[in-house]
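Notes to accompany the following structure.
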Amino acid sequence: MAVGGDLKRKLVLIALGLGLALTVWQANRIALRHYLSVDAARAETAMRLTINALEGDLARYEVVPQLLADLDAIRLLAATPTTTNGARRSTP
């Protein structure tokens, strides 16, 4: 009878070990899923902030072409462009 009791004890210990391993594995999966979702939310927030900052920078320069068009020097340059050596070309 002692052999049967030892076998039962070994099977119970193996079952407990497998149960513990399965519990740890599932806890790891749950924790990983949670931290990945937290990191994804943090990355999305950082991306939205970056997009807003870039849109603000681009919006600041939207008026530059209109301001440059109002300058007389730019109008003169557009009317009489220079050659490669810097001399003004005469318009025909």
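The values are calculated or read from the model by the stated rules, or taken from the named source; none is laboratory data. If you're wondering where the values come from, they're calculated on a predicted model, not measured in any experiment. Remember, those area values only see protein heavy atoms, side chains included, never the ligands or the DNA or RNA. Shrake-Rupley method; radii C 1.70, N 1.55, O 1.52, S 1.80 Å.
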Can you confirm whether Leu18 is under 43 Å from the mean Cα position of the chain (by Cα), at pLDDT 95 or above and open to solvent by 90 Å² or more (accessible area, probe 1.4 Å)?
yes
Here is a check on your reading of the model: is Thr45 open to solvent by less than 80 Å² (accessible area, probe 1.4 Å), of a type in the set (Val, Ile, Thr), at pLDDT 95 or above and in a helix (DSSP H, G or I)?
yes
